[in-house]
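Everything below concerns the one structure shown next.
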Amino acid sequence: MVIGAGQVGTQKITGLLDAGAHVTVVDPSPAVAVREFLSSRVVWHERKYQTSDLDGFYLVIAATSDAQVNQHIYDEAQQRGILANVVDVPPLCDFYYPAVVRRGSLMVAVSSQGESPHLAQRVRDEISQLLPENLGDAVKRIGDERRRILREHPAGPKRVQLLCDLIYPKGVGA
């Protein structure tokens with residue numbers, strides 16, 4: 001459940017969708033562009049937040065511009081045992097969104113645990129510059145080879161060495 005579909009809420013919605021979540025959004029006046037972009041991928045409730053909106057959910061993102069509404073959402077979530085993240089208010093977060101770099105199946109996540117999202121983003125950007133754009137292709141090849149090794153070689157030191165050799169030159173890893 002995401003409550004608030006402004007700029008920050010939309011980022012959270014997109015991240016949840018990228019992770020494969022089924023997302024429901026409550027916002028009394030979502031931007032037309034946002035609604036059109038995401039309309040086929042989320043369930044929309046175009047209205048103000050209601051306490052019943054949390055029924056049946058185990059995670060909620062409060063991304064409204066109203067601190068009082070966000071506090072109410074957090075309090076209600078706490079009473080119900082629902083994980084909550086009130087955007088940009090670390091004391092009202094049961095979890096934090098990391099800044100993420102993706103290269104195919106490889107994912108590197110950086111978090112400041114809500115202390116400085118901009119710092120986490122900067123570190124993410126610096127890591128991103130170090131990782132080649134085509135690294136995802138290498139990860140795929142390594143994964144294919146790993147599955148072959150696991151299939152063809154019994155557990156033991158030889159298999160461990162073969163797996164290490166995928167990443168490290170012979171005799172360097174383990």
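Candidates 121, 129: the one that is exposed (fewer than 12 other Cβ atoms within 10 Å of the Cβ), at negative phi, of a type in the set (S, T, N, Q) and within 29 Å of the chain's Cα centre (by Cα) is 129.
For the range 146-162, a residue qualifies if it is within 20 Å of residue 105 (Cβ to Cβ) and surrounded by fewer than 10 Cβ atoms within 10 Å (Cβ to Cβ), and exactly one does: 151. If you go through the range 1-41 and pick out every residue that is at pLDDT 85 or above and more than 17 Å from the chain's Cα centre (by Cα), you end up with 6.
Residue count for the range 42-56, restricted to those that are surrounded by 14 or more Cβ atoms within 10 Å (Cβ to Cβ) and either at pLDDT below 95 or not basic (Lys, Arg) (or both): 6. Being open to solvent by 60 Å² or more (accessible area, probe 1.4 Å) and in contact (Cβ under 8 Å) with a residue 40 or more places away in the chain is a description that does not apply to residue 105. Tell me which residues, restricted to the range 22-41, are open to solvent by 40 Å² or more (accessible area, probe 1.4 Å), of a type outside the set (Lys, Arg) and in contact with a helix residue (DSSP H, G or I) (Cβ under 9 Å, 6 or more places away or on another chain). The answer is 22, 31, 37.
The values are calculated or read from the model by the stated rules, or taken from the named source; none is laboratory data. Note that the structure is a prediction, hence the values are computed from the model and not measured. Methodologically, a virtual Cβ is constructed for each residue, glycine included, from the backbone with ideal geometry; neighbour enumeration extends over all protein chains shown. Only protein heavy atoms, including side chains, enter the accessible area calculation; ligands, DNA and RNA are left aside. Shrake-Rupley method; radii C 1.70, N 1.55, O 1.52, S 1.80 Å.
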